[in-house]
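Input: a single structure, listed below in structure tokens.
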């Protein structure tokens, strides 16, 4: 709230200065993401604005990097791999994670804290250590350089996100509800689908989205565990940045920004729905 | 309704996955060939892979650009008995190490490889000693390449860089340089620029004082150096104007200069030759297919063909006379070869066997130096 | 429920109620535990065992003993401090081992393993391997020394003696810049070879500074979000969440485009005239690049926990401070700030933990001076092939991270972690 009119000038100055600082920080947060959007339409293979672009000359802008992305086989393969791996990794981690979160939310769960700490650890252990370990171990059990191996690895990395979001939804979950359902003659399965699922669904979906984006973004594990046949979009981007920096990467980056906006919107809608549902929950 | 939708979605997902998994295991033969990416892989694609796939419709060649990590990955694959690579492009020093450790297959040149058109057996047709670097016998050389320097032609007024000493001369030639992020070549060049006679370089680098002297020389330009790790980087850095001089593989510089018309020129002084060739990991899935490919891709004509696309010298005596003009530009490739007498006048005699021994230690010293 | 004479409560079938209840609880506990069994089994195979396997490599040392089995047994009788070469039968064992392993092509592995400790071992083994087949009768010792004089040096034998154990401490010593000197004692490496302590130190202080940057930038934003009406704050929260949800590589790419010397920021400064065309600033491939990009990437991890704590602080606190006569700033300092300490703690530890393990961003924008210990672990795995050293560095890094994780659990509680 703005300072009242009778506030001393110093307070008012501080108020506006504070706002200005916040605006700068928001620019720092979002600016870099916005800058790459026009850059990806550069006609020339540079990572900066050419004078012609600044003058809005015709021909300075082009969509050729997008064409390259949509027509080059290796990028298309990367898109396919990214989705394939992320979808299956998400299914695995969401299924296992939700099951575990249901257990963890019950007061009678033994070793609760230890198990929780263990399940969150894939997020905490430095990726390079996990990746290196998987690289050696998966090779030994014969699943390195396969889609299956990368999916398993990504599922492991996605689990903490599902656990965190689903347990958060279950905090304050009223266990009386399930008891009420069973006392009214509902079978456990029916109780699960008609009482529990609707309540935790928003949490499960946002957990799944986080697991999805974790896999979709992940590059270290793919670099180690995967080989060329598992190359994903981040894999291509990483090697692209290290080798020939082409604006195709900027085009891909721009598309990915829109993917994240899409996911974020979904998540925001879910959050609202969840709040609404929880709002009508009897105290 | 909702449940029906979920079930359908799941079923589609499973079907999609099933299709994706089986697509990889179709009847046809897949050969995964690991090489260095960029212009180099492109030249192999045109000279070897495309004609081979045209002649063998069942075969699909998959390019993996991870040769820079070739030794590490081959080792991990062989140790864990899970070899997914079929053929790997390696430099001679790495092939020595891999062969010593039993990670790659021994090769009998006369049964594996095609003789020269005049009937000379393969073992005598490849450049002397190149089939057996360091006394090992696991390596099929393809090309002789050189690491040399390129510089921007539009930066310096008057004199242009012409000797290795100029690379270290920041007063005469100010601006950023790019060097490869490893001790190999850089230590040699530093000593040469410091006035050490070529013949004394490795003797000197075998001592701590010699290494210290080389690093001290590199110290004089350290804060002006952008380090590269992949062969495609230095031409890019030069083209973008991020650096004014860069060490690079000569073939990459050639494609930046001749094919992409960048304002870059070559500086051949103290260029360093090295060998690059094929190796086959132990435990490869389908050895017969690998041998069939190698016999084709290393014959006299194919090696000569590669030189139409990139300026590396083919490793067979019989290929040299067949090296002709660039496939698209039509220019004569011979003067762009590192072996051309005009370019090779001050070539430095690289010792890959010495490096196979000292790599581990000097990597550590060099990385320590870099990080500080 | 029936009451029997002994006064113990029993269920209908006569079982004491206490026992029956205990059983029911145990049954329920088991049933609940079954819900986490699949995930534990899954993580065990896909995550815990791989990490453990990797960490085990830091002490695993079976190469020498498996390639040179006879020598390993024979050399046990030799006293490395005796100042005399081993006896003839040790030389004989070595010759037999070398002949056999040369044929099997495993000799090179032993040479390579020992080369990590002493340069030249690779070539010594290769050379000896090629000539050893000619040595068929005594004196093995003289003939070996004739092949290479290093077989007559005590250092070579001390090294083999030391590294023929199935476990080794030498990787860990290397990881903290220590080594064995000539007398077999542990001592510092020579100055030019010391690097890892320096790198750990750099990783820690750079991460600490990144954490501070995140706090400085994150605190005002979180405060603004927490004090605005929900309608506005939700909109601004999206600006925080957008980078959080955007690919790490996209963000890193964006910083490369902005910071490189022919990049947007330098172009802008040249255009304004702050720097000259030749005086373009080096903002990337050094520490600055790492600081800027990492702060940007980790900032949401600071804002979100701060925000969730600040949201719970009732605005009436500040009004109360005010009405009691405290100037706004003092009120903020004395009343508001102390209430946000849990958020500060949570955010800082989280950012710090994530930062010290980072690999991708420093690798792409850090150049040589802005790289972390993770980058060296990757280097030893994929370039120098010194997997044992990589594992030892990994163990130390993991120990630091787990300690902080433990701290985090104590302060915040893992169960209270919030995302998005």
Q.
Step by step: first the residues of the range A:102-121, then only those that are farther than 24 Å from residue C:404 by Cα and assigned to a helix (DSSP H, G or I), then the one that is farthest from the other protein chains (Cβ to nearest Cβ). Which residue is that?
A. A:102
(Q) within 18 Å of the chain's Cα centre (by Cα), buried (at least 18 other Cβ atoms within 10 Å of the Cβ), within 29 Å of residue C:50 (Cβ to Cβ) and within 8 Å of another protein chain (Cβ to nearest Cβ): is that true of residue B:82 in this structure? (A) no
Q: Hey, can you tell me all the residues within the range C:188-215 that are surrounded by 13 or more Cβ atoms within 10 Å (Cβ to Cβ) and either at the interface with another protein chain (Cβ under 10 Å from one of its Cβ atoms) or without any contact (Cβ under 8 Å) to a residue 60 or more places away in the chain (or both)?
A: C:188, C:189, C:192, C:193, C:194, C:195, C:196, C:197, C:198, C:199, C:202, C:212
Q.
Any residue that is under 15 Å from residue A:161 (Cβ atoms) and more than 7 Å from chain C (Cβ to nearest Cβ) - is there at least one of those in the range A:122-139?
A. yes
Q: Please specify each residue of the range A:1-51 satisfying the condition of being more than 25 Å from residue C:251 (Cβ to Cβ) and assigned to a helix (DSSP H, G or I).
A: A:9, A:10, A:11, A:12, A:13, A:14, A:15, A:16, A:17, A:18, A:19, A:51
Q.
Anything in the range B:240-263 that is without any contact (Cβ under 8 Å) to a residue 60 or more places away in the chain and in contact with a helix residue (DSSP H, G or I) (Cβ under 6 Å, 6 or more places away or on another chain)? List them, or say none.
A. B:262
Q) Being outside any strand (DSSP E or B), within 14 Å of another protein chain (Cβ to nearest Cβ) and farther than 27 Å from residue B:188 by Cβ, is that true of even one residue in the range B:331-346? A) no
Q: Could you identify the single residue in C:64, C:36, C:51, C:45 that is assigned to a helix (DSSP H, G or I) and more than 9 Å from chain A (Cβ to nearest Cβ)?
A: C:64
Q: List the helices (runs of 4 or more DSSP H) that sit entirely inside the range A:166-267 and contain at least 2 residues that are surrounded by fewer than 17 Cβ atoms within 10 Å (Cβ to Cβ) and away from chain B (no Cβ under 14 Å).
A: A:176-183
(Q) Residues to consider are A:143, A:159, A:120; find the one that is within 18 Å of residue C:48 (Cβ to Cβ), touching a residue at least 60 places away in the same chain (Cβ under 8 Å) and buried (at least 20 other Cβ atoms within 10 Å of the Cβ). (A) A:159
Q. What do you reckon, is residue C:384 modelled with pLDDT of 85 or more and outside any helix (DSSP H, G or I)?
A. no
Q: Report yes if some residue within the range C:410-418 is in a loop (DSSP other than H, G, I, E, B), at the interface with chain A (Cβ under 9 Å from one of its Cβ atoms), touching a helix residue (DSSP H, G or I) at 6+ places or on another chain (Cβ under 7 Å) and at pLDDT 90 or above; otherwise report no.
A: no
Q: Determine if the range B:327-344 includes at least one residue that is modelled with pLDDT of 85 or more, within 20 Å of residue B:139 (Cβ to Cβ) and out of contact with any strand residue (DSSP E or B) (no Cβ under 8 Å at 6 or more places or on another chain).
A: no
Q. Restricting to the range C:72-105, what's the tally of residues that are assigned to a loop (DSSP other than H, G, I, E, B), free of Cβ contacts under 8 Å to residues at least 40 places away in the same chain and under 36 Å from the mean Cα position of the chain (by Cα)?
A. 1
Q. For the range C:122-193, which fully contained helices (runs of 4 or more DSSP H) count at least 1 residues that are more than 25 Å from the chain's Cα centre (by Cα), modelled with pLDDT of 85 or more and under 29 Å from residue B:212 (Cβ atoms)?
A. C:154-163
Q. Regarding residue B:115, is this residue assigned to a strand (DSSP E or B) and away from chain C (no Cβ under 14 Å)?
A. no
**Q.** Test for residue B:139: is it over 21 Å from residue B:31 (Cα atoms) and in contact with a strand residue (DSSP E or B) (Cβ under 7 Å, 6 or more places away or on another chain)
**A.** no
**Q.** Cβ-Cβ under 7 Å pairs, at least 6 apart or on other chains, the range C:108-129 side at the interface with chain B (Cβ under 8 Å from one of its Cβ atoms) and more than 16 Å from residue B:133 (Cβ to Cβ), far side in a loop (DSSP other than H, G, I, E, B) and at pLDDT 85 or above
**A.** C:109/B:101; C:112/B:101; C:116/C:386
**Q.** Qualifying residue in the range C:325-334 (condition: at pLDDT 90 or above and either touching a helix residue (DSSP H, G or I) at 6+ places or on another chain (Cβ under 9 Å) or assigned by TED's automatic domain parsing to the domain that holds residue C:404 (or both))
**A.** no
Q: Starting from residues that are in a loop (DSSP other than H, G, I, E, B) and away from every other protein chain (no Cβ under 11 Å), keep the ones in the range B:347-372 and report whichever is nearest to residue B:165 (Cα to Cα).
A: B:347
Q: Report, by residue number, each residue of the range C:322-341 that is crowded, with 17+ Cβ neighbours inside 10 Å and away from chain A (no Cβ under 14 Å).
A: C:335, C:340
Q. Among the residues of the range C:1-50, which ones are in contact (Cβ under 8 Å) with a residue 12 or more places away in the chain and surrounded by 12 or more Cβ atoms within 10 Å (Cβ to Cβ)?
A. C:17
**Q.** Among residues of the range B:213-265, those that are within 14 Å of chain A (Cβ to nearest Cβ) and assigned to a loop (DSSP other than H, G, I, E, B), counted
**A.** 11
Q: Report yes if some residue within the range C:348-367 is in contact with a strand residue (DSSP E or B) (Cβ under 9 Å, 6 or more places away or on another chain) and within 13 Å of another protein chain (Cβ to nearest Cβ); otherwise report no.
A: yes
Q: Restricting attention to helices (runs of 4 or more DSSP H) lying wholly within the range C:233-318, give those where 1 or more residues are surrounded by fewer than 19 Cβ atoms within 10 Å (Cβ to Cβ).
A: C:264-272, C:287-310
Q.
Looking at the range B:277-287, can you tell me whether even one residue there is over 19 Å from the mean Cα position of the chain (by Cα) and farther than 23 Å from residue B:67 by Cβ?
A. no
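The values are calculated or read from the model by the stated rules, or taken from the named source; none is laboratory data. Just so it is clear, the structure is predicted and the values come from calculations on it, not from any experiment. Heads up, the Cβs are rebuilt from the backbone with ideal geometry, glycines too, and the neighbour counts pull from every protein chain shown.
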